[in-house]
Amino acid sequence: VCGFQLSMILTLMSSAEKCWNLHGTCRGKCGKNEKFFLFCKSGKPCCLKLNFQPNLPLKSLSA
């Protein structure tokens, strides 16, 4: 019974929805070493580790 439960847990963990070119994971809440970047198809946040965050130019505040 324990082997079956372990295999089910591993299956669920490996089938997590991926995002941002497979570098991010869709989950309800991002971890402390991750940041929310965009929403996944499921509506959950796409959590990216800091080294995979895109470098987006900041808009100038003066118009």
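Each reported figure results from applying straightforward, stated rules to the coordinates on display, with no laboratory input. Small disclaimer: the values here were computed from a predicted structure and weren't measured. Backbone-built Cβ (ideal geometry, glycine too); neighbour counts: all protein chains shown.
Data table
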| quantity | calculated |
| --- | --- |
| Under-5 Å amide H pairs with F37, H placed in peptide plane, nonlocal only | C46, L48 |
| Cut-off 10 Å between beta-carbons: net charge of the residues surrounding E17, Lys and Arg +1, Asp and Glu -1 | +4 |
| Net charge contributed by nearby residues that have their C-beta within less than 15 Å of F39 (K/R +1, D/E -1) | +4 |
